[in-house]
Amino acid sequence: MLQTNLTHVASLTEHTELLNNNENVMICCGRMGPMCIPVYESMEELENEYSNIKFADMEFDSPDAKVIRELPECRNFAGLPFVVYYKNGKVVKATSSIQSRDQITEILDEKFGK
Amino acid sequence: MQNNYDVIIIGAGAAGLTAGIYLSRAKVKTLILNEGAVGGQMVLTHEIANYPGVENISGYELARNMKSQAQKFGCKIRSNIKITDIQLTEEIKQVTINNKETFTSDAVIISTGGKSRTIGAIGEDKFKGLGISYCATCDGDFFQDKEIIVVGGGNSALEEAVSLTKYASKVTVVHQFDHFQAFEHYVEEARNNPKINFKMDSEIVEFSGNEKLNAVRIRNKISGDISEMNIDGVFILIGYVPNTEMLRGIIELNGNNEIKVDNNMATNIPGVYAAGDSIAKRFRQVTTAVADGTIAALSCAEYVHNNKKEPLEV
Ligand SMILES: Cc1cc2nc3c(=O)[nH]c(=O)nc-3n(C[C@H](O)[C@H](O)[C@H](O)COP(=O)(O)OP(=O)(O)OC[C@H]3O[C@@H](n4cnc5c(N)ncnc54)[C@H](O)[C@@H]3O)c2cc1C
């Protein structure tokens, strides 16, 4: 399991439940590596500022993470982590590799509103 | 005043966190302001095997331990902030973050470390994560049986070029000079690897592709000729530059934009100290950053004490 304080998505069922129960969701699918850790840290901080968004992580190497790895939006990705933003269960944005807190905030504000 | 501290430390890498531990333990009211994730370059390191007393630890874990140690002594840490204004020359130093919160202090320690050097070629930003990577250990496995380029000629470039042959079918090392800066054994290992070939005196001038990277344009620096090469991935491993942009024209820097300090880690401005990879020095390691951070903290505590005439509890 990833060593973060975020909600962990461990299976396809949990992934479906998360999307069914929350309008706005951000999932960071990665490992405990240098490009992923800064993203988790930003998400942990942003969790306190955006009560309208559910922040979660998923282990990139778990078999069920194919639900993210195999998304058409992630087809060309070649850098960890894969970060996916969902609104009402639909992918509204996906990014590959490290993103700064400012870049994440910009996406959250644009896709989910403040 | 709530936003007033004895010392503000800028940067929460090994140097800044060490300074935070020493100062807070000495009951010096300390705030660390950090632009990115806490830990700095330690977080970029999968495994640290040369930190004395700890046989093997991930950089992330070492950073997390240092952070919690500093916080246990009462050090305040604010990460993922942006410093938008800084005033160091007056007796009371002033740092504004995110254009809205201002903090003051008697002294400042700058420990802003370094960041990966980028090439600055056309398309570099666009294809980050879509073929361009700065971390071989993170992204190597996306290039199974693919052809890739490693840019650089130092130790990390050649070491990673060899390790990337576990995945890639072919690795081309592109280097701007006709010789390498790496240790001889890294060069030998790379030269003896049948999957690796070399393009010397060369530089990438453009990255191109549609949804992902699929080609680069390479300029030969001697002839000026430009050739195009189809490629699946490029790893850019060309070293680090000091994070001192915001200090230019304020603090004395050397020709490499590294901060000049004396043996006490004092800069040319009274009450301003510097430590770690951002200072002018020869060896950049966690141990040297920790040592610099210690010296800066002790010198700084003395400065604050002399300013306030309060007992010192180091
Ligand atoms: C891939 C890699 C592997 C390495 N392996 C080893 C190893 O095995 N052993 C070893 O001893 N050393 C290793 N090193 C070197 C070591 O990590 C560094 O020398 C050391 O961590 C530097 O610490 P620092 O605190 O000076 O700077 P950094 O770690 O760079 O920390 C600086 C901090 O300041 C922040 N910052 C920058 N600018 C600003 C600003 N304007 N405002 C606020 N904050 C700012 C940054 O976000 C960062 O958190 C490695 C380095 C790399 C990149």
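The values are calculated or read from the model by the stated rules, or taken from the named source; none is laboratory data. Not measured: the values here are computed from a predicted model. Positions of Cβ are backbone-derived with ideal geometry, glycine not excepted, and every protein chain shown enters the neighbour counts. For accessibility, only protein heavy atoms count, side chains too; no ligands or nucleic acids. Shrake-Rupley method; radii C 1.70, N 1.55, O 1.52, S 1.80 Å.
Highest average first, the peptides B:5-13, A:73-81 ordered by how many other beta carbon atoms sit within 10 Å of their residues are B:5-13, A:73-81. Cross-link partners for residue B:166 among the lysines, with Cα-Cα distance under 20 Å and sequence neighbours closer than 8 places in the same chain left out: B:146, B:195.
Length gained on full extension, residue B:147 to residue B:49: 32.2 nm, using 0.36 nm per residue less the C-alpha separation. Select from B:264, B:192, B:34 the residue whose mean-square fluctuation is largest in a Gaussian network model of chain B (Cα-Cα springs shorter than 10 Å). Ranking B:264, B:192, B:34 by mean-square fluctuation puts B:192 first. Across the stretch A:42-63, the residues whose backbone nitrogen lies under 14 Å from the label position 7 Å along the beta-carbon direction of residue A:103 are A:42-43.
Plainly put, the protein assembly as shown has a radius of gyration that is 0.99 times its Kirkwood radius, both from alpha-carbon atoms, as the Rg/Rh ratio. For chain B, the longest principal axis of the Cα atoms and the long axis of helix B:286-308 meet at an angle of about 20 degrees. Along chain B, the longest continuous region that contains none of the GluC sites (Glu not before Pro) in a DSSP loop with at most 13 other C-beta atoms within 10 Å is B:92-210.
With a Förster radius of 41 Å applied to the C-beta separation of residue B:89 and residue A:87, the computed FRET efficiency comes to 0.25. Would you look at the GNM of chain B, springs on alpha carbons closer than 10 Å, and say which of B:54, B:304, B:216 moves the most? Among B:54, B:304, B:216, the largest mean-square fluctuation in the Gaussian network model of chain B belongs to B:54.
The share of accessible area on the stretch B:118-236 that comes from carbon and sulfur is 44 percent, using a 1.4 angstrom probe. Computed over chain B, relative contact order equals 21 percent, with contacts defined as Cα pairs under 8 Å that lie 6+ residues apart.
Beyond 17 Å, how much of the Cα-Cα pair distribution for the stretch B:228-314 remains, as a whole percent? Of all Cα-Cα pairs in the stretch B:228-314, 57 percent lie more than 17 Å apart. Each Lys and Arg Cβ is given +1 and each Asp and Glu Cβ -1; about its Cα centre, the protein assembly as shown then shows a dipole of about 360 debye. Ignoring aspartates and glutamates fewer than eight residues from residue B:128 along the same chain, the ones with Cα atoms less than 14 angstrom from its Cα are B:139, B:206, B:211, B:232. Extension gain for residue B:203 to residue B:170 (0.36 nm times residue separation, less C-alpha to C-alpha distance): 10.0 nm.
Relative to the dominant Cα principal axis of chain B, helix B:155-164 is inclined by about 50°. Computed from Cα positions, the angle between helix B:14-25 and the longest principal axis of chain B comes to roughly 20 degrees. For residue B:260, a cut-off of 16 angstrom between C-alpha atoms picks up these aspartates and glutamates, skipping any fewer than 8 places away in its own chain: B:245, B:252, B:277, B:292. Listed cross-link partners A:66/A:114; A:54/B:82; B:27/B:67 are compared with a 20 Å cut-off, the Cα-Cα value being larger for A:66/A:114; A:54/B:82. Taken along its three principal axes, the alpha carbon spread of chain B comes to 66, 41, 34 Å, from the longest extent down to the shortest.
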